[in-house]
Amino acid sequence: SPTEFIPLTERNGLIIDIGEWVINEAIRQWTGWFSASLSSPAISVNVSPRQLKDANFLRRLEETLDTYQILPSQLELEITESMMVDDMERVIVILKDISTLGVKLSIDDFGTGYSSLSYLSRLPVDTIKIDRSFILPMLESTEKLVLVRNLIRLGHDLGMQLVAEGVEDEEQLKVLGEFGC
């Protein structure tokens, strides 16, 4: 299971090589599907904390973009919020370097990492992906609904796009649409 496999590869350092392969393979496949297309949606790839903090990550990312001739804006890297709790100042520098390339950034599983909201406005992030643990129960009570609405409002106030993860029914979709998500 990924819940066992990914932490194991993080611990033994293999996540850097695996992560690099995933980015290369995702972009290679994307170019096969969309390079000759009039429509070219962005591709989104999860990046591990260890991979992101690797000294060669940015250089390898640039090489991959050059190799496959993909516009940086067509790639979105998803970073889990929990990854940012550790050494926030360093993470901000890394994310700014990636953003300077033109690559889009998103915070995945937002709301689960206990990061300081004061840092949110300093991050060069384009999208916040609200964790499904907020979405699934949001219609159970007014409090849960208000929390989701306020997360969306916060993201909008910071100029970010919002994505809700784990939408499972029309009612959730309708309410989230009304909230601008």
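Gaussian network model of the chain, Cα springs within a sub-10 Å range: biggest mean-square fluctuation belongs to which of ARG60, ARG11, ARG153?
Comparing ARG60, ARG11, ARG153 in a Gaussian network model of the chain, the most mobile one is ARG11.
With all protein chains present and a 1.4 Å probe, how do ASP131, ASP169 order by accessible area, largest first?
Numbers: ASP131 20, ASP169 70 Å².
So the residues, ranked largest to smallest area, are ASP169, ASP131.
Which listed residue (ILE15, ILE130, GLY159) has the Cα farthest towards the positive end of the charge dipole for the chain, taking +1 on Lys and Arg C-beta and -1 on Asp and Glu C-beta about the Cα centre?
GLY159
Roughly how many Å² of SER35 are accessible to a 1.4 Å probe, to the nearest 10?
90 Å²
Given that compact globular proteins tend to follow 2.2 N^0.38 Å, what is the ratio of the alpha-carbon Rg of segment 1-107 to that value? Before the final figure, lay out each step's value.
Values: Rg = 13.9 Å, N = 107, 2.2 N^0.38 = 13.0 Å.
So the Cα radius of gyration is 1.07 times the expected 2.2 N^0.38 Å.
Considering all projection directions equally, how large on average is the shadow of the alpha-carbon convex hull of segment 134-174, in square nanometres?
Details: hull surface 11.1 nm².
If you wrap the Cα atoms of segment 134-174 in a convex hull and average its projections, you get 2.8 nm².
About its Cα centre, how strong a charge dipole does segment 32-165 have in debye, to the nearest 20, once Lys and Arg get +1 and Asp and Glu get -1 at the Cβ? Don't skip to the answer; put the middle values down first.
Numbers: 13 positive and 19 negative charges, 29 e Å.
For segment 32-165, the charge dipole is close to 140 debye.
Not counting ligands, DNA or RNA, and with a 1.4 Å probe, what is SER1's accessible surface area in Å² rounded to the nearest 10?
90 Å²
The values are calculated or read from the model by the stated rules, or taken from the named source; none is laboratory data. On a predicted model such as this, the values are computed, not experimentally measured, just so you know. Every residue, glycine among them, receives a Cβ derived from its backbone with ideal geometry; neighbour counts consider all protein chains shown. Keep in mind that these areas ignore ligands, DNA and RNA; they rest on the heavy atoms of the full protein, side chains included. Shrake-Rupley method; radii C 1.70, N 1.55, O 1.52, S 1.80 Å.
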